[in-house]
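**Student:** Dropping the structure in here first, questions after.
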Amino acid sequence: MKHGLFVFTRDLRVQDNQALAAIARQVDRLDCLYIADPADQQPGRYTCRGQGIHARRFLQQSLSQLQQTLQLFGQHLHIQEEESLTAVCRFVQARKINLVGQSAPFGVYEQALTARLAQKLAAMGVDFQTSWQHTLFDRSQLPFDLTDLPKHFTPFRQLVEPLFSAVPPVERVILLPPPGAAPEQKMTLSNAGQPGNTLAFQGGCQAGAAHLHTYFNTDAPLTYKDTRNALDCPQSSTRFSPWLAFGCLSVRQIWQRLRQFEQDKGANQSTYWIKFELLWREYFHWYLQRYQSQVFRFAGIHSQPPLTSFHAGRFAKWCMGNTPYPLVNAVMRQLNQTGYISNRARQIAASCWLNELQGDWRYGAAYFQQQLIDYDVAANWGNWQYLAGVGADPRGGRWFDLHKQRRLYDPQGQFTRRWGGEDCDPQLDHQDAADWPLPDADANQPGRESE
Ligand SMILES: Cc1cc2nc3c(=O)[nH]c(=O)nc-3n(C[C@H](O)[C@H](O)[C@H](O)COP(=O)(O)OP(=O)(O)OC[C@H]3O[C@@H](n4cnc5c(N)ncnc54)[C@H](O)[C@@H]3O)c2cc1C
């Protein structure tokens with residue numbers, strides 16, 4: 001009797017979960033586990049907390065929908081809040097597991113952790129298998145070696161576009177082996193806030209599938225290219241990113257549904273542009289695999305770091321949405337309140353931090369990492385590098401003229417008003433007596449004698 005364990009990570013779905021299907025095919029009994037490692041809640045090098053509240057709630061909802069979905073297959077989801085390696089090894093030992101499987105991770109830290117897990121399991125005599133499934137294409141399909149990944153997006157796109165019809169089909173899971181013992185108790189995550197919350201997105205594979213269905217049952221995909229830059233309109237872009245980030249939806253499920261839409265309603269520039277944007281995601285995922293920890297370096301993939309620095313006061317103002325730039329304030333307040341901002345809003349806020357506020361791009365990226373509901377290590381750090389001029393941008397960085405952006409995307413000021421962006425400090429930097437003592441004022445302090 002072969003007893004398997006599948007460890008869910010950023011693949012919180014059953015359908016089109018090839019890593020799950022691969023393990024399920026090989027075992028007689030299967031346990032399913034999710035580990036919420038407290039390390040994810042710890043502050044990072046540039047942040048004062050780990051995963052933000054929006055992403056945490058989305059995760060909690062995703063786990064509860066995964067639990068429900070697994071039950072339909074006669075399965076359970078065990079959830080443990082513990083250091084990952086210890087949790088897996090204890091589970092394996094306690095239940096006499098022979099084979100452990102999980103998705104191959106795409107994050108650098110997660111890859112190092114998985115390598116350590118592989119070593120530990122090997123020492124315990126337990127088989128361990130991973131399957132890569134975060135991208136449209138498999139690595140073997142790429143028409144170049146990863147070390148030759150084009151340095152810019154356009155040549156990458158031109159090389160992979162001929163492969164559009166070769167995107168592997170979605171894997172349908174119909175059966176899962178029976179489970180081992182049921183979880184001792186139903187677990188909910190700590191620090192996930194109240195269940196009835198004001199999230200703009202509902203986490204989970206069922207909610208993701210419903211959104212996929214709803215989006216492609218409207219005509220919104222036919223106008224995507226014209227509407228995608230809107231700052232605050234739910235139908236203006238696909239809004240798949242939170243479900244993609246947690247793996248509640250696979251990118252191939254979206255691709256397949258989009259192709260179906262094109263067959264039914266016709267392809268146009270807008271439906272092509274959704275593919276174009278999914279290729280940006282694809283590019284940054286392979287970019288992370290190619291450049292690994294360089295994606296977090298100040299100089300990025302280049303040799304010269306930018307001429308920016310860290311200004312504590314400016315950073316605090318930017319994070320809180322209290323800069324002299326009302327549009328940026330509105331964006332940052334929307335980010336803080338909802339965890340989601342549009343692509344255009346991300347570019348505007350990032351450009352302000354980099355150019356007007358002259359900030360170190362890594363702090364901006366880390367703040368987005370903390371706040372975004374759809375945080376994806378490859379897309380976030382890749383885009384920040386791009387804008388900061390230390391990544392894949394052939395033009396060496398981007399500056400978005402804030403007046404022009406406001407004229408183009410918020411001409412009536414509705415978005416800015418909605419998020420309270422006008423309510424701000426008109427002055428960027430302040431000096432007070434602590435920084436710049438005033439001799440006269442000091443002289444008048446009681447208890448001080450003049451020389
Ligand atoms: C500074 C900055 C940080 C970002 N951080 C993230 C992040 O952490 N997670 C994330 O998913 N996206 C990130 N993006 C990319 C993009 O802004 C979001 O994917 C998009 O706004 C999500 O909304 P949507 O699903 O409606 O996108 P749509 O416009 O509908 O696009 C469809 C899908 O294509 C992909 N996509 C679109 N634009 C990009 C892009 N520029 N780079 C990579 N993939 C893209 C996403 O998977 C998205 O869901 C970032 C962009 C910038 C400029």
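The values are calculated or read from the model by the stated rules, or taken from the named source; none is laboratory data. None of these values were measured; they are calculated from a predicted model. For neighbour counting, all protein chains shown are included, and Cβ atoms are generated from backbone atoms with ideal geometry for every residue, glycine included. Ligands, DNA and RNA are excluded from the accessible area calculation, which covers all protein heavy atoms including side chains. Shrake-Rupley method; radii C 1.70, N 1.55, O 1.52, S 1.80 Å.
**Student:** Can you give me the C-alpha center-to-center distance between region 111-183 and region 366-407, rounded to a whole angstrom?
**Tutor:** Measuring centre to centre over Cα atoms gives 26 Å.
**Student:** Additional query: Write down, largest first, the equivalent ellipsoid semi-axes of region 312-418 in whole Å, where each equals the square root of 5 times an eigenvalue of the alpha-carbon gyration tensor. If you can, show how the numbers build up before the last one.
**Tutor:** Numbers: eigenvalues 78, 50, 36 Å².
Semi-axis lengths for region 312-418 are 20, 16, 13 Å.
**Student:** Quick check: at a probe of 1.4 Å, how many percent of the accessible area of region 1-133 sits on carbon and sulfur atoms?
**Tutor:** Numbers: 2760 of 5440 Å².
The nonpolar share, carbon plus sulfur, comes to 51 percent.
**Student:** Counting other C-beta atoms within 10 Å, and keeping those with at most 15, which DSSP coil GluC sites (Glu not before Pro) do you find in region 80-150? Spell out each step's value before the answer.
**Tutor:** On the way: sites: E81, E82, E83, E110; in loops: E81, E82, E83.
Qualifying residues, ordered by number: E82, E83.
**Student:** Check which residues have an amide H placed less than 5 Å from L12's amide H, if you skip close sequence neighbours.
**Tutor:** HN-HN under 5 Å from L12: G247, C248.
**Student:** Please identify the trypsin sites (Lys or Arg not before Pro) of region 392-431 that satisfy two criteria: DSSP loop assignment and at most 14 other Cβ atoms within 10 Å. Which are they? Show your work: numbers first, answer last.
**Tutor:** Values: sites: R395, R398, K404, R406, R407, R417, R418; in loops: R395, R398.
The qualifying sites are R395.
**Student:** If I fit a long axis through the Cα atoms of helix 377-388 and take the longest principal axis of the Cα atoms of the chain, what angle between them do I get, 0 to 90°, rounded to 10?
**Tutor:** The angle comes out at about 30 degrees.
**Student:** Okay, next question. Using the alpha-carbon atoms, what tilt in degrees (0 to 90, nearest 10) does helix 84-95 show relative to the longest principal axis of the chain?
**Tutor:** Between helix and principal axis, roughly 20 degrees.
**Student:** Amide H of K2 versus every other amide H placed in the peptide plane: which residues, excluding those fewer than 5 positions away on the same chain, fall under 5 Å?
**Tutor:** When sequence neighbours closer than 5 places are left aside, the close amide H contacts are D28, R29.
**Student:** Something else now. Would you mind checking the tilt of helix 269-291 against the longest principal axis of the Cα atoms of the chain, expressed as 0 to 90 degrees and rounded to 10?
**Tutor:** Approximately 90 degrees, to the nearest ten.
**Student:** For the chain, which semi-axes, largest first and in whole Å, follow from the square roots of 5 times the eigenvalues of its Cα gyration tensor?
**Tutor:** Working: eigenvalues 327, 157, 95 Å².
Taking √(5λ) for each eigenvalue gives 40, 28, 22 Å, largest first.
**Student:** Do any trypsin sites (Lys or Arg not before Pro) in region 118-223 lie in a loop, going by DSSP, with at most 11 other beta-carbon atoms within 10 Å of their beta carbon, and if so which?
**Tutor:** Values: sites: K120, R139, K151, R157, R172, K186; in loops: K151, R172, K186.
Here the trypsin sites (Lys or Arg not before Pro) that fit, given the DSSP loop and packing criteria, are R172, K186.
**Student:** Leaving out ligands and nucleic acids, note down the accessible area per residue over region 19-96 with a 1.4 angstrom probe, in whole Å². Could you put the intermediate results ahead of the total?
**Tutor:** Values: 3230 Å² over 78 residues.
On a per-residue basis, 41 Å².
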